[in-house]
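One structure below.
Bear in mind these aren't lab numbers, they're just calculated from the coordinates by the rules spelled out. Not measured: the values here are computed from a predicted model. Cβ atoms come from the backbone with ideal geometry, glycine included; neighbour counts cover every protein chain shown.
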Amino acid sequence: MYIRASHRPQNEADVAEVIRRNMFGLLVTSSSGGLIASHLPFVFEERKGERGTLFAHMARANAHAAVLAEGGESLVIFQGPHGYISPSWYADRATAPTWDYVAVHCYGTPVIHAGDEAEENIRRLLTAVESGADEPWSMNELPRAEVEAMLKNIVSFEIPLTRVEAKFKLNRGERADRTRTAAERLETSGNGELAAYIRRYNAL
């Protein structure tokens, strides 16, 4: 991913936050038939491994599952907030339009789980997504036979990350008055998350 110096994140915590807040990622792997991609929820454990580890699962019937078993590097893309920035918003309109966005690319070789690891991985995901519920759902509410049947139909895996690229393209380098106006317009149009990033990364 092309990343100018002004588009780099301020710290690793910001990168981890993007992954967690946008956990439905795009997994891309090269196969003998070309690129193959799957949209999956990922759980990120930043303290496991040198650069963190992603955990996910997919249907065994998905052709992508067989490709993962062959080994080789994969890419997982996480898309944060993004939006168009129009020169029409500014009092002085003599500037080019742009698109501000936050994105993270994670690279690594998937490792397929065996035995109890698959069930642990499903429970890890449920803990993450059910944490905000008033009465969190648990896999224990399913009959054991149904759980075992489900586990046979999935491929569970983790990706120890070897490389992480993050781009925070947030109006840095633009005049402060224009950037402040851009943040205000994004807020009024319902894109408050992108506006918050722009304000923080431009110290507004």
With everything on Cα atoms, drop me the angle between helix 12-21 and the longest principal axis of the chain, reported from 0 to 90° to the nearest 10.
70
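Taking K and R as +1 and D and E as -1, what net charge do the other residues with C-beta under 12 Å from the C-beta of LYS167 add up to? List each step's numbers first, then the result.
On the way: positive: ARG4, ARG8, LYS169, ARG172; negative: ASP14, ASP100, GLU165.
That sum, taken over residues with Cβ under 12 Å, equals +1.
Given the -39500 (n - 2.57) contribution per DSSP H run of 4+ residues, what per-residue ellipticity at 222 nm results for the chain, rounded to the nearest 500 deg cm²/dmol? Intermediate values should be presented prior to the final figure.
Details: 6 runs with 64 residues, N = 204.
Helices in the chain give a 222 nm mean residue ellipticity of -9500 deg cm²/dmol.
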Rounded, prolate or oblate: pick one for region 15-70, where a ≥ b ≥ c are the square roots of the eigenvalues of its C-alpha gyration tensor, a/c under 1.5 means rounded, and failing that, prolate if a/b is larger than b/c, else oblate.
prolate
Assigned charges on the beta-carbon of Lys, Arg, Asp, Glu; the chain dipole about Cα centre (debye):
1000
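Give a quick list of trypsin sites (Lys or Arg not before Pro) in region 4-61 that DSSP marks as loop, anything other than H, G, I, E or B, with at most 16 other Cβ atoms within 10 Å. Could you put the intermediate results ahead of the total?
Values: sites: ARG4, ARG20, ARG21, ARG47, LYS48, ARG51, ARG60; in loops: ARG4, ARG47, LYS48, ARG51, ARG60.
Taking region 4-61 and a limit of 16 other Cβ atoms within 10 Å, the loop trypsin sites (Lys or Arg not before Pro) found are ARG4, ARG47, LYS48, ARG51, ARG60.
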Calculate the spin-label point distance for ASP177 paired with ARG47, positioning each point 7 Å from the Cα along the beta-carbon direction, and give it in nanometres.
4.9
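Using a Förster distance of 25 angstrom, determine the FRET efficiency expected from the C-beta separation of ILE3 and ALA63, and round it to 0.05.
Numbers: r = 32 Å, r/R0 = 1.28.
E between ILE3 and ALA63, to the nearest 0.05, is 0.20.
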Ignoring the sites themselves, what is the longest stretch of the chain with no chymotrypsin sites (Phe, Trp or Tyr not before Pro) in a DSSP loop and at most 12 other beta-carbon atoms within 10 Å?
3-136
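Distances longer than 19 Å among the Cα atoms of region 77-172: what percent of all pairs is that? Each step should come with its number before you reach the end.
Details: 2962 of 4560 pairs.
Considering region 77-172, 65 percent of its Cα-Cα pairs are separated by more than 19 Å.
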Please work out the Cα center distance from region 13-71 to region 105-133, rounded to the nearest Å.
10
Say each of GLN79 and ALA114 gets a label point 7 Å from the Cα, pointing the same way as Cα to Cβ; how far apart are those two points in nm?
3.8
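Ignoring the sites themselves, what is the longest stretch of the chain with no GluC sites (Glu not before Pro) in a DSSP loop and at most 12 other beta-carbon atoms within 10 Å?
Working: sites that count: GLU50, GLU70.
The segment 71-204 is the longest one with no such site.
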Dipole axis of region 79-201 (+1 Lys, Arg; -1 Asp, Glu on Cβ), positive-most option in LEU151, PRO97, VAL164
PRO97
